[in-house]
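Structure, as structure tokens:
The values are calculated or read from the model by the stated rules, or taken from the named source; none is laboratory data. Just so it is clear, the model here is predicted, and its values are computed rather than measured. Neighbour counts are summed over all protein chains in view; Cβ atoms, including those assigned to glycine, are modelled from backbone coordinates with ideal geometry. Side chains included, ligands, DNA and RNA excluded: accessible areas come from the protein's heavy atoms. Shrake-Rupley method; radii C 1.70, N 1.55, O 1.52, S 1.80 Å.
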Amino acid sequence: MNPLRLACGLLAAAACAPFPTWAANPDHGAELYRSHCASCHGNDGRPVLPGAPDFSRPTALLKPDLALLATIRSGRGGMPAFAGQLRDRDILDVVAHLRTLR
Ligand code: HEC
């Protein structure tokens, strides 16, 4: 776990006031990733489906979260749209997980 998040969990809420009250949850994102994404993208981010990007490479996810959210919502090429299946908040949790894979 990210030490900052751990510290926020352990310290009084006042100590964490400068940070947003909501932050993406990469652990929840990991669960959703396994059920919705890993069949093509691989558990560790190395693609199973040819043509899918390799999330284990540091250059794979240089786009901002909102750009990735838009693509995951609407789908692209061989990837289905996830709008209607996953809420934006869930998708952002998955994006937070993706960023732990490299
Ligand atoms: C059916 C296979 C499949 C599934 C399921 C799938 N993807 Fe993809 N994904 C692809 C393919 C293929 C591409 C490359 C699309 C292209 O650029 O033509 C891709 C591309 C991406 C990209 C790159 C977008 C960019 O702008 O560079 C992201 C991020 C991504 N997928 C995330 C996810 C997430 C998160 C999930 C689960 C919620 C998911 N994918 C589920 C096949 C899949």
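Tabulated data
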quantity: Enumeration of residues in the range 76-100 that are more than 8 Å from the ligand (Cβ to nearest atom) and either on the phi > 0 side of the Ramachandran plot or at pLDDT below 95 (or both); calculated: G84
quantity: Those residues of the range 36-62 which are near the ligand (Cβ under 6 Å from one of its atoms), assigned to a loop (DSSP other than H, G, I, E, B) and either of a type in the set (F, W, Y) or in contact with a Pro (Cβ under 8 Å, 6 or more places away or on another chain) (or both), in sequence order; calculated: P53
quantity: The range 38-58: number of residues that are of a type in the set (K, R) and open to solvent by less than 80 Å² (accessible area, probe 1.4 Å); calculated: 0
quantity: Residue within the range 20-35 that is modelled with pLDDT under 75, under 21 Å from D90 (Cα atoms) and part of a loop (DSSP other than H, G, I, E, B) present; calculated: yes
quantity: Residue count for the range 74-91, restricted to those that are open to solvent by 60 Å² or more (accessible area, probe 1.4 Å) and assigned to a helix (DSSP H, G or I); calculated: 3
